[in-house]
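The values are calculated or read from the model by the stated rules, or taken from the named source; none is laboratory data. Source: prediction; values computed, not measured. Methodologically, a virtual Cβ is constructed for each residue, glycine included, from the backbone with ideal geometry; neighbour enumeration extends over all protein chains shown. Quick note on the areas: whole protein, heavy atoms, side chains included, nothing else; ligands and nucleic acids left out. Shrake-Rupley method; radii C 1.70, N 1.55, O 1.52, S 1.80 Å.
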Amino acid sequence: MNFELNEQQQAIQMAARKFAQEELKPGVIERDQTSTFPLELYHKMGEMGLIGLPYPKEYGGQGLGYLEYALAVEEISKVDASMGISYSVTTSLYGGSVVNSDATEEQKKKFLPEVLSGKVHGAFGLTEPNAGSDAAGCITTAVKDGDEYVLNGMKIFNTNGPLAGYYAIYALTEPEKKAKGLACFIVKAGTPGLKVGKIEDKMGIRAAQVSEIILEDVRVPEENKIAMDGHGFKTAMKTLDAGRIGVAAQGLGIAEGAFEIAIEYLKEREQFGKPLFKNQYLMFKMAELQMEIEAAKYMLYKACCDKDSGKDYSLSAAKAKYLCTDAAMHVTTECVQMLGGNGYMKEYHVERMMRDAKITQIYEGTNEIQKLIVGGSLFR
Ligand code: CAA
């Protein structure tokens, strides 16, 4: 067992940290207030090679693993969790849908490089108004018509919905079989009938663009079908396993970002004639939070190592998602409290981090769903 990052991993971590501090931090408060996504900065992350980190070079990736990718998502999310989820959904959920499906080499080479190089975003269309935690309840259909499929339905809560160049859309080719009749299609932005619906006005991750995707007689060629009839549900589940690593890294980054701000504040701010950290109550609180962060981090890195070494990682990803995102909510809430009145003000960042943390306990499988997955494994 080796707890050290290698030189390449450290270099990726440092490059992502520098980018986050120097380029993402300056406008992060304004972007939160105006719900604006910084597209140029996203493209820059693509040029740095961050978006495609865990994919083979022939698909436009960097040929590295999920640990390298999680380190980057963590650093980005320490500063800007909206960018963290936009990145993670593209890499894990769009890219994952392609590689976890039945996609041929030709399809992978067609549908991955533009996205993995960061030129355009990818989005993941699974959730529907009546299919949230119960993902098997999808009713969007794909009906074969000659050598095309005609898609009809609506997807909701699509991260990157208004920005994406490519959408992985899960749809029923055999509706009578319910989840066992699900397939998956790649739909390019601009395909007639694909419309961006309501853009969500959110509590947190306000710079991330999340919307409905409406599909009205959307015609896609058969060669855009990546998960064959009945293979869609398992493709989605495998993809979400990896997505949960991304969300765990986002949650961990949010927790660490708030913690670092609190450390500096407790050293600098004096009350009752001494720096705040000299109050044992606050020092103990920080010790507790630090241990919570470190424990969550090692669960996340283990999930990455499980995935990168080819082991089954559904369970470790579920545990990492649960621990890192609960840590995000707890740590940010405590940090707002420790910064007192200042913690409530936007310029200190921690109130935004607390709002951003909440959704990490909800999306890509609520933390109750993670307990269902872990609990279920105990009584098989
Ligand atoms: N990998 C591979 N196969 C899997 C799997 C996995 N992780 N999990 C389940 N399966 C397979 C099962 O083996 C089973 O196969 P068989 O039929 O051959 O036996 C099949 O899938 C059905 O499994 P279940 O009976 O366990 O399925 P279920 O309907 O009870 O659902 C669930 C299980 C875990 C609750 C699942 O519905 C789930 O993960 N729900 C949460 C959905 C979710 O995470 N949504 C997030 C959407 S993305 C998002 O958040 C938006 C964003 O943009 C950020």
Take peptides 281-289, 313-321 and line them up by average Cβ neighbours within 10 Å, highest first, as a rough protection proxy.
313-321, 281-289
Restricted to the chain, the DSSP antiparallel beta bridge percent, nearest 5, is 85
Cα gyration tensor category, rounded, prolate or oblate, for the chain with a/c compared to 1.5
prolate
Based solely on its DSSP helices, what 222 nm [θ] is calculated for the chain when runs of n ≥ 4 H residues each add -39,500 (n - 2.57) and the sum is averaged over all residues, nearest 500 deg cm²/dmol?
-15500 deg cm²/dmol
In this model, which of Lys234/Lys302; Lys78/Lys267; Lys267/Lys297; Lys25/Lys108; Lys177/Lys307; Lys178/Lys225 are farther than 28 Å apart at the alpha-carbon?
Lys25/Lys108; Lys177/Lys307
Cα→Cβ-extended label distance, 7 Å offset, between Gln21 and Ile263, nm
1.2
Given a 10 angstrom Cα cut-off, can you work out which residue in Ala123, Ala164, Ala255 is the most mobile in a GNM of the chain?
Ala164
Choose one answer from Gly146, Gly273, Gly118: the residue with the largest mean-square fluctuation in a GNM of the chain with alpha-carbon springs under 10 Å.
Gly273
Which value, in Å², gives the accessible area per residue of the range 100-154 when a 1.4 Å probe is used on the protein heavy atoms?
45
Percent RCO, i.e. relative contact order, over the chain, from Cα pairs under 8 Å lying at least 6 residues apart
17
Near the amide H of Leu53, under 5 Å away, which other amide H atoms are found, from residues 5 or more places off or on another chain, if H is placed in the peptide plane?
Gln62
Subtracting the Cα-Cα distance from 0.36 nm times the residue separation, let me have the gained length for Asn279 to Gln10 in nm, one decimal.
93.4 nm
Per residue, the convex hull enclosing the alpha carbons of the range 7-116 has a volume in Å³ of 87
Hey, any idea what % of the range 218-287's accessible area is carbon plus sulfur with a 1.4 Å probe?
57
Zone reached by a paramagnetic label modelled 7 Å from Ala295 Cα along Cα→Cβ, restricted to the range 304-324 with backbone N below 16 Å, covers 319-324
Taking 0.36 nm per residue of separation and subtracting the Cα-Cα distance, what length does fully extending Phe379 through Ile139 add?
83.3 nm
The range 35-191: antiparallel bridges as % of DSSP beta bridges, rounded to 5, reads 70
Please give the contour-minus-distance gain from Asn152 to Thr191: 0.36 nm per residue of separation, less the Cα-Cα distance, rounded to one decimal in nm.
12.7 nm
Excluding residues fewer than 8 places away in the same chain, name every one of the aspartates and glutamates whose C-alpha is closer than 13 Å to that of Lys119.
Glu40, Glu47
Rounded, prolate or oblate for the range 236-378? Axes are the square roots of the Cα gyration tensor eigenvalues, ordered a ≥ b ≥ c, and the cut-off for rounded is a/c under 1.5.
prolate
Pairwise label distance in nanometres, Asn2 with Thr366, each label 7 Å out on the Cα-Cβ vector:
4.2
Determine the order of Asp201, Asp32, Asp326, Asp145 by accessible area, beginning with the largest, at a probe radius of 1.4 Å.
Asp201, Asp145, Asp326, Asp32
Indicate the gyration tensor shape class of the range 122-233 (rounded, prolate or oblate), computed on the Cα atoms with a ≥ b ≥ c the square roots of the eigenvalues: a/c under 1.5 is rounded; otherwise a/b larger than b/c is prolate and the rest oblate.
oblate
Equivalent ellipsoid semi-axes - Cα gyration tensor, the range 245-325, angstrom:
34, 10, 8
